[in-house]
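S.K.: I have a structure I would like to understand better, so I am pasting it below and will then ask my questions one at a time.
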Amino acid sequence: MMTPAAGPGKPFTALVMAGSRPGDPLALATGVAQKPLVPVAGVPMLMRVLGTLRAARQVDRLVICGLDPALARLDPALRAIECVRAGATPGASAALAIATLGLAAPVLITTGDHPLLSANTVDEFCAASAAEEADVTFGVVPAAAVTAAFPGVRRTRYRFRDGAFCGCNLYGLLTPSGCTAPAAWMRVEQHRKQPWRMVGALGVGVLLRFLLGRLALADVTALAQSRIGLRARAVRLSEPTAGFDVDTIAQWHAAEAYLNQRTRLPR
């Protein structure tokens with residue numbers, strides 16, 4: 001029997017993934033200890049994300065996963081937020097945080113390297129997720145919109161029959177079953193930057209349909225339900241910035257340019 005999804009209006013716990021692999025090029029280039037602390041237009045990415053989540057109407061609790069506790073203790077703004085340690089991978093980290101703190105649905109998962117994320121996008125995603133009959137939701141935005149907003153900056157694209165999309169590093173865990181999704185994700189997350197390998201985890205036939213352009217986005221969610229027993233739904237978002245996190249030097253420069261231009265615009 002399927003567990004009902006979170007009802008509309010129920011506040012989310014936001015779990016911010018703030019880990020960083022050793023020797024991250026962006027952290028090294030900017031002289032910070034962990035990538036989420038890289039400043040964008042003068043403010044660390046993680047602090048921008050936390051500010052956005054505090055401003056979102058749909059979020060009432062913040063948890064940071066993976067930030068070095070010694071670094072968290074140095075900043076009064078971070079000391080006031082719950083912090084949990086990271087696991088070996090993002091999926092393992094999320095699963096560990098959920099188990100350690102006993103987090104209950106609905107849970108919003110995002111990342112600390114998402115400095116352009118807006119409170120409007122967070123609220124849009126949470127409201128749309130709560131309205132779905134789903135265990136898990138994930139945000140997407142048309143790739144063309146991201147390209148138009150950030151021309152010449154490379155982003156990972158997922159090409160389907162109904163269009164190409166960029167992921168948004170926004171995930172909703174809406175039921176008790178949905179809160180087990182990070183453990184399932186651990187089996188495929190090493191391929192998250194290689195869309196064809198991720199889709200291939202659903203089977204050879206599915207991979208062929210994807211490579212031939214015959215697979216729609218909705219087909220993937222239906223197949224995921226049949227393979228892992230979770231109702232997954234894509235939430236299409238309206239703001240191009242939802243699909244722009246910062247992994248590279250070029251993306252960092254583009255994010256800084258975007259924020260600097262926005263502060264110069266007449267109000």
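Values in this text are rule-based calculations from the coordinates and carry no lab data. Because the structure is a prediction, the values reported are computed rather than measured. So basically every Cβ, Gly included, is an ideal-geometry build from the backbone, and we count neighbours across all protein chains shown.
S.K.: By average Cβ neighbour count within 10 Å, what is the ranking of 118-125, 97-104 from highest down?
M.R.: Those peptides, ordered most packed to least, come out 118-125, 97-104.
S.K.: Using only the Cα atoms of the stretch 17-141, build the gyration tensor, take square roots of its eigenvalues as a ≥ b ≥ c, and label the shape rounded, prolate or oblate: rounded if a/c is under 1.5, else prolate if a/b is larger than b/c, else oblate. Write out the running numbers ahead of the final one.
M.R.: Numbers: a/c = 1.70, a/b = 1.40, b/c = 1.21.
Prolate, because a/c is 1.5 or more and a/b exceeds b/c.
S.K.: A follow-up question, please. Based only on other Cβ atoms within 10 Å, what is the fewest-to-most ordering of His114, His253?
M.R.: Placing the least packed residue first, the sequence is His253, His114.
S.K.: Using a basic spin-label model with each label point 7 Å from the Cα along Cα→Cβ, how many nm lie between Ala104 and Ala41?
M.R.: Output for this residue pair reads 3.9 nm.
S.K.: Relative contact order, percent, of the stretch 9-145 when contacts are C-alpha pairs under 8 Å separated by at least 6 residues?
M.R.: 34
S.K.: So if each residue of separation counts as 0.36 nm, and I subtract the Cα-Cα distance between Ala148 and Gln225, what length gain in nm does that give?
M.R.: Taking Ala148 through Gln225 to full extension adds about 24.4 nm, to one decimal.
S.K.: Using a 7 Å offset from the Cα along the Cα-to-Cβ direction at both Glu133 and Ala70, what is the distance between the two label points in nm, to one decimal?
M.R.: Between Glu133 and Ala70, the label points sit 5.3 nm apart.
S.K.: Taking the Cβ of each residue in Tyr258, Tyr171 as the centre, tally the other Cβ atoms inside 10 Å and list the residues starting with the fewest.
M.R.: Ascending number of Cβ neighbours within 10 Å: Tyr258, Tyr171.
S.K.: Tally Lys/Arg at +1 and Asp/Glu at -1 over every other residue whose Cβ is under 10 Å from the Cβ of Thr13; what's the total?
M.R.: Residues near Thr13 contribute -1 overall.
S.K.: For Gln261 and Arg236 in the same chain, what is the full-extension length gain: residue separation times 0.36 nm, less their Cα-Cα distance, in nm?
M.R.: 6.4 nm
S.K.: Considering only DSSP beta bridges where both residues belong to the stretch 1-135, give the percentage that are antiparallel (nearest 5). Walk me through the numbers before you get to the answer.
M.R.: Details: 2 of 16 bridges.
Here the share of antiparallel DSSP bridges comes out near 10 percent.
S.K.: Another one. What is the local net charge at Glu133, summed over the other residues whose Cβ is closer than 12 Å to its Cβ (Lys, Arg +1; Asp, Glu -1)?
M.R.: So the environment of Glu133 carries a net charge of 0.
S.K.: Residues with beta-carbon under 12 Å from that of Thr147, excluding Thr147: net charge, scoring Lys, Arg +1 and Asp, Glu -1?
M.R.: Value of the local net charge: +3.
S.K.: Using only the Cα atoms of the stretch 23-70, build the gyration tensor, take square roots of its eigenvalues as a ≥ b ≥ c, and label the shape rounded, prolate or oblate: rounded if a/c is under 1.5, else prolate if a/b is larger than b/c, else oblate. Before the final figure, lay out each step's value.
M.R.: Working: a/c = 3.38, a/b = 1.77, b/c = 1.91.
Cα axes put the stretch 23-70 in the oblate bin.
S.K.: Let me ask another. Which ³J(HN,Hα) values in Hz, rounded to whole numbers, follow from the phi angles of the stretch 251-257 under the Karplus curve 6.51 cos²θ - 1.76 cosθ + 1.60, where θ = phi - 60° and Gly and Pro get x?
M.R.: Listing the rounded values in order: 5, 4, 4, 5, 5, 5, 4 Hz.
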